[in-house]
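The values are calculated or read from the model by the stated rules, or taken from the named source; none is laboratory data. Here the structure is a predicted model, which is why all the values come from computation and not from measurement. We place every Cβ from the backbone using ideal geometry, glycine too, and count neighbours over all the protein chains shown.
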Amino acid sequence: MSEFPTRAKCVVIGAGIVGNCLVGHLSKLGWTDMVLIDKGPLPNPGGSTGHASNFIFPTDHNKEMALLTLASQRQYIDHGMNNTSGGIEVARTPERLEEFNRRMTSAKSWGIDARLLTPAQVKELVPFINEKIILGGFYTPSVSVVDSLQTGTLMRESAQKAGHLKVFANTEVLDLETENGTIKAVVTNKGRIEAEYVVIACGVWSPRIAEMAGANIPLTPAVHQMADVGPIDILQQSNAEVAYPIIRDMDTFCYERQTAGSMEVGSYAHRPIFMHPNDIPSNEESALSPTELPLTQDDFDPQMEQAIELMEMLGDAEIKYAINGLLSLTPDAMPVLGERQR
Ligand SMILES: Cc1cc2nc3c(=O)[nH]c(=O)nc-3n(C[C@H](O)[C@H](O)[C@H](O)COP(=O)(O)OP(=O)(O)OC[C@H]3O[C@@H](n4cnc5c(N)ncnc54)[C@H](O)[C@@H]3O)c2cc1C
């Protein structure tokens, strides 16, 4: 491990997918003298990246978001970390089916291959689905599952190998020193680094870090519940990480994504459960990780019932792992990026 530096051109705080990806890109653009810091251990420091379901559905009505998603997916393809599974958004109501017609328009406009399926056609692709309760599906063959932890690691390591980046894990940022509204130095438990550029890529912790510099990053840590249900025979027999298209049950705000022999059931339907960034437990205090909080079962039960309605086999299997996962929500559901405006 190299000596802790006292100066750097650029300090990036946070080694989740965002921080790792950023240092990889900056290195390719010729940036040198960079330092990446994370308070957790590597390769999985305990942020949201370590336990994401990791799927990518490319179609969005917003053109910028759709093209940004396609650009992200291309990067995973370039790193050999993109596993194409296909994905089907299913409708339980006529209104949702109508929305799928609009999605077809967006998909065609942004050049994404997609098609509408009848319930019988959905069943052909996903034999364990209860086609009687759906009215149709919006199928995107290019939907994929990626490895964000490994891709981030590769991007970070490419910058290190080029000699452009030093990395410090288990190093916590405690303060940001400012002068005339500009960050001058990053104070950590290992020492103080003066820097020309400082990037906050701290996911759910970002508002807490921004506050150290008197700035505000408008995002809120929110719970997204997820359970891994299995083993399930038909999934085990497929002998693959993802053999069946990912299902998004759009009217119940749930998804079902195969992960080898079991099924991840994710829910956005529960009551809003928010957390202040200062209340997120430390790595040491966490049983799993700071962003894998214990499942609040009562919130999950109604969604599990709806998932079982769609896939009966889920009712016969055990819940192996279940969390109140933490992710970032912004006021307009768009990303927060760019320079701090004074
Ligand atoms: C259950 C679940 C499922 C998900 N599924 C998907 C999905 O299928 N597809 C998708 O696109 N997204 C998904 N997400 C969202 C995705 O996980 C996040 O958007 C993404 O991982 C955020 O990455 P990040 O780099 O911004 O943050 P993080 O990965 O959280 O990284 C932030 C880092 O900052 C570090 N840090 C914080 N404070 C400090 C400090 N003081 N000093 C030093 N370091 C610090 C942390 O240790 C952490 O490593 C899911 C999220 C959850 C919870």
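Key figures
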{"read-out": "Matching residues, the stretch 59-70, being more than 13 Å from the ligand (Cβ to nearest atom) and surrounded by fewer than 16 Cβ atoms within 10 Å (Cβ to Cβ)", "value": "HIS61, ASN62, LYS63, GLU64, LEU67"}
{"read-out": "Residue in the stretch 80-100 that is within 15 Å of the ligand (Cβ to nearest atom) and hydroxyl-bearing (Ser, Thr, Tyr) present", "value": "yes"}
{"read-out": "Total residues in the stretch 280-310, condition within 25 Å of ASN130 (Cβ to Cβ) and in contact (Cβ under 8 Å) with a residue 40 or more places away in the chain", "value": "9"}
{"read-out": "Qualifying residue in the stretch 142-159 (condition: among the basic types (Lys, Arg), outside the structural domain of PHE100 (by TED's automatic domain parsing) and touching an Asp or Glu at 6+ places or on another chain (Cβ under 9 Å))", "value": "no"}
{"read-out": "Any hit, the stretch 312-333, residues being of a type in the set (Phe, Trp, Tyr), within 30 Å of ILE217 (Cβ to Cβ), in contact (Cβ under 8 Å) with a residue 40 or more places away in the chain and not in a loop (DSSP other than H, G, I, E, B)", "value": "no"}
{"read-out": "Helices (runs of 4 or more DSSP H) contained in the stretch 54-140 and holding at least 3 residues more than 23 Å from the chain's Cα centre (by Cα)", "value": "94-109, 119-125"}
{"read-out": "Matching residues in the stretch 155-188 - criterion: being part of a loop (DSSP other than H, G, I, E, B) and either under 23 Å from the mean Cα position of the chain (by Cα) or within 9 Å of the ligand (Cβ to nearest atom) (or both)", "value": "ALA169, ASN170, THR171, GLU172"}
{"read-out": "Filtered residues of the stretch 214-226 (kept if more than 7 Å from the ligand (Cβ to nearest atom) and either touching a residue at least 60 places away in the same chain (Cβ under 8 Å) or assigned to a helix (DSSP H, G or I) (or both))", "value": "ALA215, ILE217, PRO218, LEU219, THR220, PRO221, ALA222, VAL223, GLN225"}
{"read-out": "Candidates LEU314, LEU326 - the one that is surrounded by 14 or more Cβ atoms within 10 Å (Cβ to Cβ), touching a helix residue (DSSP H, G or I) at 6+ places or on another chain (Cβ under 6 Å) and farther than 30 Å from PRO119 by Cα", "value": "LEU326"}
{"read-out": "Residue in the stretch 311-318 that is outside the structural domain of GLY181 (by TED's automatic domain parsing) and more than 22 Å from GLU131 (Cα to Cα) present", "value": "yes"}
{"read-out": "All positions within the stretch 282-308 that are surrounded by fewer than 18 Cβ atoms within 10 Å (Cβ to Cβ) and farther than 14 Å from PRO45 by Cβ", "value": "GLU285, ALA287, PRO294, THR296, GLN297, ASP298, ASP299, ASP301, PRO302, GLU305, ILE308"}
{"read-out": "Any hit, the stretch 196-213, residues being within 13 Å of LEU36 (Cα to Cα) and not in a strand (DSSP E or B)", "value": "yes"}
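Matching residues to (1) closer than 30 Å to GLY87 by Cα; (2) surrounded by 22 or more Cβ atoms within 10 Å (Cβ to Cβ); (3) within 11 Å of the ligand (Cβ to nearest atom); (4) outside the structural domain of LYS184 (by TED's automatic domain parsing):
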{"site": "VAL11", "(1), (2), (3), (4)": "no, yes, yes, no"}
{"site": "ALA15", "(1), (2), (3), (4)": "yes, yes, yes, no"}
{"site": "VAL18", "(1), (2), (3), (4)": "yes, yes, yes, no"}
{"site": "VAL23", "(1), (2), (3), (4)": "no, yes, no, no"}
{"site": "LEU26", "(1), (2), (3), (4)": "no, no, no, no"}
{"site": "GLY30", "(1), (2), (3), (4)": "no, no, no, no"}
{"site": "VAL35", "(1), (2), (3), (4)": "no, yes, no, no"}
{"site": "LEU42", "(1), (2), (3), (4)": "no, no, yes, no"}
{"site": "PHE57", "(1), (2), (3), (4)": "yes, no, yes, yes"}
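Quick grid of which residues meet (1) closer than 30 Å to ASP78 by Cβ; (2) touching a strand residue (DSSP E or B) at 6+ places or on another chain (Cβ under 8 Å); (3) aliphatic (A, V, I, L, M); (4) at pLDDT 95 or above:
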{"site": "ARG102", "(1), (2), (3), (4)": "no, no, no, yes"}
{"site": "SER106", "(1), (2), (3), (4)": "yes, no, no, yes"}
{"site": "SER109", "(1), (2), (3), (4)": "yes, no, no, yes"}
{"site": "ASP113", "(1), (2), (3), (4)": "yes, yes, no, yes"}
{"site": "PRO119", "(1), (2), (3), (4)": "no, yes, no, yes"}
{"site": "THR140", "(1), (2), (3), (4)": "yes, yes, no, yes"}
{"site": "VAL143", "(1), (2), (3), (4)": "yes, yes, yes, yes"}
{"site": "LEU174", "(1), (2), (3), (4)": "no, yes, yes, yes"}
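Residue-wise test of (1) in contact with a His (Cβ under 9 Å, 6 or more places away or on another chain); (2) crowded, with 21+ Cβ neighbours inside 10 Å; (3) β-branched (Val, Ile, Thr).
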position: GLU99; (1), (2), (3): no, no, no
position: ARG102; (1), (2), (3): yes, no, no
position: THR105; (1), (2), (3): yes, no, yes
position: GLY111; (1), (2), (3): no, no, no
position: GLU131; (1), (2), (3): no, no, no
position: ILE134; (1), (2), (3): no, yes, yes
position: THR140; (1), (2), (3): no, yes, yes
position: VAL143; (1), (2), (3): no, yes, yes
